[in-house]
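Q: Questions regarding the structure given below will be posed in turn.
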Amino acid sequence: MSLRLVCLASIVLSWAFAFAEEPANLAANPGFETAADGGFPAQWSGNTDVYSRDTAVTRSGEASLKFQNADPNRYVLCSQALQLEAGLRYEFSAWVKTENIEGNDSGATLCIEYWDKDGKYLGGEYPSGVKGTSDWTLVHGITQRIPEAAAGPCPLACYVRQGMTGTAWWDDLTVSRFIEDPLSAVLKAPNYRNEITRRGPRDVVLFVELNLRDYALKLEDVSLRCAVYPENGAEPAFTEQLDAIDAASFEIALRSRKFEKGNNRLEIALLEKSSGKTFATETINVRRAGERVTRKVDIDNHNRLIVEGKPFFPLGMYWSGIDQEQLDLYADSAFNCLMPYGMPSKEEMDMAEAKGLKVLYSVKDIYHGTGYCPDIIKSRDDEEPFIRERVEAFKEHPALLAWYINDELPLSMLDRLSERRGLMERLDPDHPTWVVLYQVDDVRQYLPTFHAIGTDPYPIPKRPVALAGEFTRKTADAVCGARPVWMVPQVFNWANYHDTPEEKAEHRAPTLEEMRSMAWQCIAEGANGLVFYSWFDLRRDPATPFEEQWAKVKQVAAGIAAMTPALLSTEEPPVIEVDEEDWLNWTVKQYEGSVYLIAVNNEPEKHVATFRLPKKTKKAIELATGEKWPMPDRRQLELQFEPLEVHIVALYGMGRAWSVGVSLNLTVGL
């Protein structure tokens, strides 16, 4: 039996209960009860052609804020300025009622944004909204810590997402300080199924983060104790305590052989030194296998997917359903897998297998009450029998790569999502689970729900191309490098998701340069799999012919596939240095002794970067062209970047450290 990570379970003692009192509401006129001259809600500002104070429809009190708009091209917000403190987090909510809110986005909602002193956007929190016709519904969000660079007031806005029409009301807003749990622990090793096997790891490794700022404590005020209990044991098999804590984040290693065979309960406790009392605890279940564990599809301790004993880099696309004619076309590319939304039949799985393609099998909609749940699921009781039938039907199929179990479902479903991961582990010991989130800032909280994670930055054309690297970096950091990261880059045209000609005209498909940059940004920031979105969107793009965009996507995939031996290598590369720049994403790989520098310009401007090498190097060859880069002193490599350019440079001939010759023996056609 595999055990899942237990969700955060912090226990805060009475001496910290002052933080649990009813927090002050920082929103002014939160129920829109007070009217300014002219009748608009006092302390709010907005377009009076769209927003008004309504006394006929309320959730409580005498008034609400009303939105009424029939023009999808008119996009305006109603806002007020909040004085928020840098370094703190805030929770905000509103009750929202809708009537015929229509369009291709999530509806009526609210947000908080932060900007620097020069008016540069620094970020914000944008919870999903309410659309259609709905009675009063709570919309809720939690900001990340307000950036230190944020200057001046932060806007709080009620609004309906761009391109949508209809009528909506807001009432009973709240904004208050959000108090994080004081203790967060992530199991870094073992990194798959919380399971110690004969292959390791030697140590059980925890990454611990402390949030003492919200509790007016200092590091010297607390200690940390780890206690490991055998299954159903009342006394710990062993304990270890850390009394001298000199950083808010750190790792703890516990020797694996001290864990009993079978199931173990690892309790991490944060203690107040002065009283010895427990301030907060977390519990993680860890299993030590007594038998040899062999899986058809596994995840090793480098977060690589292992298929039939060999490393595998998932390189695929989202599909709707599987069709033989389209599959023949797709198979004539470097892609090795696909993720069809329509749950494939055995015949369709056989078709994929015949083409040498693996399938990420979707059961992501089998949650009663969610938007795309099949009608056959009448209640939560119907979910498990349906899942069992699918798993039994396909867990032995050679085309199966992993189970896709969550597509952007909310944190409010965390318990159900965690239970689903546990169910999949019990039903299928041979395949991992994968989830994809747009909620990139919440990935850490979703940790109990998956084995592999992806996030889906789709910036083109209205946001920076650099969003791909930013999302990947945030995702990899959130899992502490302890889970595979299979990102979902954009290859589609947002026009597919808009209705009017005017809306469609505002969008376009990504260019070859943008797609290539986004894909390699992801790889440079730690992705070990890419599943592009989406095949079916390429086929319905109103502006770009399928053949034209598909040829570009194939070219990007071919360049990645050519490099997979190096991307999957676990050899330790030399330490190369460069001055960090926001425009630059980079990494170093070593394969069979040869070293490859991957460097990506994520901006549409030219740039230059100088990389400092640890030893003199004979030569540096650009793999895409075979050209030799000049290295006057053989210790520095200056790379010139065209807008969005990707460089893959082979470095070799540095004495005994690096072998002579390019091991891959190829020209990478980026």
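Q: Once the mean 1/r over all distinct Cα pairs of the chain is inverted, what Kirkwood radius in angstroms do you read off?
A: Result for the chain, one decimal place: 27.3 Å.
Q: Where does the charge balance sit around G132 when Lys and Arg score +1, Asp and Glu -1, over other residues with C-beta under 14 Å from its C-beta?
A: -1
Q: Could I ask something else about it? Considering only protein heavy atoms, what is the solvent-accessible area of D171 at a probe of 1.4 Å, reported in Å² to the nearest 10?
A: 0
Q: Another question, if that's okay. Whole number in Å², please: accessible area per residue of the chain, 1.4 Å probe, ligands, DNA and RNA not counted.
A: I get 43 Å² per residue for the chain.
Q: Which one of F178, S223, P340 has its Cα pushed farthest toward the positive end of the charge dipole of the chain, where Lys and Arg give +1 and Asp and Glu give -1 at the Cβ?
A: S223
Q: Sorted by accessible area (1.4 Å probe), largest first, how do Y126, Y361 line up?
A: Result of the area sort, largest leading: Y126, Y361.
Q: Would you please classify the overall shape of segment 69-190 from the alpha carbon gyration tensor, given that a ≥ b ≥ c denote the square roots of the eigenvalues, rounded means a/c under 1.5, and beyond that prolate means a/b larger than b/c while oblate covers the rest?
A: Prolate is the answer for segment 69-190, as a/c is 1.5 or above and a/b outweighs b/c.
Q: Evaluate the relative contact order of segment 232-365 (contact order divided by residue number), counting alpha-carbon pairs under 8 angstrom at least 6 apart; express in whole percent.
A: Relative CO of segment 232-365 lands at 13 percent.
Q: A further question follows. Beta carbons within 10 angstrom, averaged per residue: use that to sort the peptides 501-514, 466-479, highest first.
A: Top of the packing list down: 466-479, 501-514.
Q: Percent antiparallel among DSSP beta bridges with both residues in segment 287-445, to the nearest 5?
A: Around 30 percent antiparallel, to the nearest 5.
Q: Which net charge results for the neighbourhood of N191, defined as the other residues with beta-carbon distances under 10 angstrom from its beta-carbon, given Lys and Arg at +1 and Asp and Glu at -1?
A: +1
Q: Give the distance, in whole Å, between the Cα centre of segment 399-415 and the Cα centre of segment 470-515.
A: 19
Q: I've got another one for you. From the backbone phi of segment 155-167, what are the Karplus-calculated ³J(HN,Hα) couplings (6.51 cos²θ - 1.76 cosθ + 1.60, θ = phi - 60°) in whole Hz, Gly and Pro given as x?
A: x, 10, 10, 9, 6, 10, 4, 4, x, 10, 10, x, 10
Q: Show the residues, 5+ positions off or on another chain, whose built amide H is closer than 5 Å to the amide H of I299.
A: Amide H neighbours of I299: I306.
Q: How high is the relative contact order of the chain, given as a whole-number percent (alpha carbon pairs under 8 Å, six or more residues apart)?
A: After rounding, I find 9 percent.
Q: If you add up the charges near P230, with Lys and Arg at +1 and Asp and Glu at -1, over every other residue whose beta carbon is less than 12 angstrom from its beta carbon, what do you get?
A: Summing Lys and Arg as +1 and Asp and Glu as -1 gives +2.
Q: Taking a cut-off of 21 Å, what percent of all Cα-Cα pairs in segment 339-446 are separated by more than that?
A: More than 21 Å apart: 35 percent of the Cα pairs in segment 339-446.
Q: Right, here's the next one. Could you tell me how far the Cα centroid of segment 311-373 sits from the Cα centroid of segment 63-110, in Å?
A: Measuring centre to centre over Cα atoms gives 37 Å.
Q: Also: Among S534, M351, L467, which residue has its Cα furthest toward the positive end of the charge dipole of the chain, with +1 on Lys/Arg Cβ and -1 on Asp/Glu Cβ?
A: Projecting each Cα onto the dipole axis, the largest value belongs to M351.
Q: Defining a contact as two alpha carbons under 8 Å apart and six or more residues distant in sequence, what relative contact order in percent does segment 29-90 show?
A: 30
Q: Given axes a ≥ b ≥ c from the Cα gyration tensor, I'd like to know whether segment 252-361 is rounded (a/c under 1.5), prolate (a/b larger than b/c) or oblate.
A: It comes out prolate by the Cα gyration axes.
Q: Rounded to the nearest 5, what % of the DSSP beta bridges within the chain are antiparallel ones?
A: Just about 80 percent of them are antiparallel.
Q: Enumerate the calculated ³J(HN,Hα) couplings along segment 383-389 in order (Karplus 6.51 cos²θ - 1.76 cosθ + 1.60, θ = phi - 60°), each rounded to whole Hz, writing x wherever the residue is Gly or Pro.
A: Using θ = phi - 60°, the values come out as 5, 4, x, 5, 4, 4, 5 Hz.
Q: Which three semi-axes in whole Å describe the equivalent ellipsoid of segment 478-590, each the square root of 5 times a Cα gyration tensor eigenvalue, listed largest first?
A: 32, 15, 13
Q: Step through the residues of segment 487-494 one at a time and calculate ³J(HN,Hα) from phi using the Karplus curve (6.51 cos²θ - 1.76 cosθ + 1.60, θ = phi - 60°), rounding each to whole Hz and writing x for Gly and Pro.
A: Once rounded to whole Hz, the list reads 7, 10, x, 8, 10, 9, 9, 4.
Q: Share of segment 70-130's accessible area from carbon and sulfur, percent, 1.4 Å?
A: Carbon and sulfur together cover 44 percent of it.
Q: In terms of solvent-accessible area of protein heavy atoms at a 1.4 angstrom probe, what is the ranking of R420, R161, highest value first?
A: Sorted by accessible area, descending: R161, R420.
Q: Please give the calculated 222 nm ellipticity per residue for the chain, where each DSSP H segment of at least 4 residues contributes -39500 (n - 2.57) and the sum is spread over every residue; nearest 500 deg cm²/dmol?
A: That calculation yields -4500 deg cm²/dmol at 222 nm.
Q: Still on this structure, I have one more. Mind grabbing the accessible area of D181 for me, 1.4 Å probe, Å², rounded to tens?
A: Number for this one is 70 Å².
Q: Something else now. Might you work out the accessible area of V297 for me, using a 1.4 Å probe with all protein chains in place, and round it to the nearest 10 Å²?
A: V297 has an accessible surface of roughly 0 Å² with all protein chains in place.
Q: Can you bin every Cα-Cα distance in segment 374-511 into 5 Å intervals starting at zero and give me the percent of pairs per bin, rounded to whole numbers?
A: So the P(r) values, bin by bin, are 2, 9, 16, 17, 16, 14, 12, 9, 4, 1, 0.
Q: Which percent of the accessible area of segment 510-660 is formed by carbon and sulfur heavy atoms (probe 1.4 angstrom)?
A: For segment 510-660, the apolar C and S fraction of the accessible surface comes to 47 percent.
Q: While we're looking at this one, here's another question. Based on the alpha-carbon gyration tensor of segment 51-114 and its eigenvalue square roots a ≥ b ≥ c, which shape applies: rounded if a/c is under 1.5, prolate if not and a/b is larger than b/c, or oblate?
A: oblate
Q: Near the amide H of N406, under 5 Å away, which other amide H atoms are found, from residues 5 or more places off or on another chain, if H is placed in the peptide plane?
A: V436
Q: Largest first, how would R380, R288, R177 line up by accessible area (1.4 Å probe)?
A: Accessible-area ranking of R380, R288, R177, largest first: R380, R177, R288.
The values are calculated or read from the model by the stated rules, or taken from the named source; none is laboratory data. These numbers come from a predicted model, not from an experiment. As a convention, Cβ positions derive from the backbone with ideal geometry for all residues, glycine included, and neighbour counts pool all protein chains shown. Side chains are part of the model used for accessible areas, which takes the heavy atoms of the whole protein and leaves out ligands, DNA and RNA. Shrake-Rupley method; radii C 1.70, N 1.55, O 1.52, S 1.80 Å.
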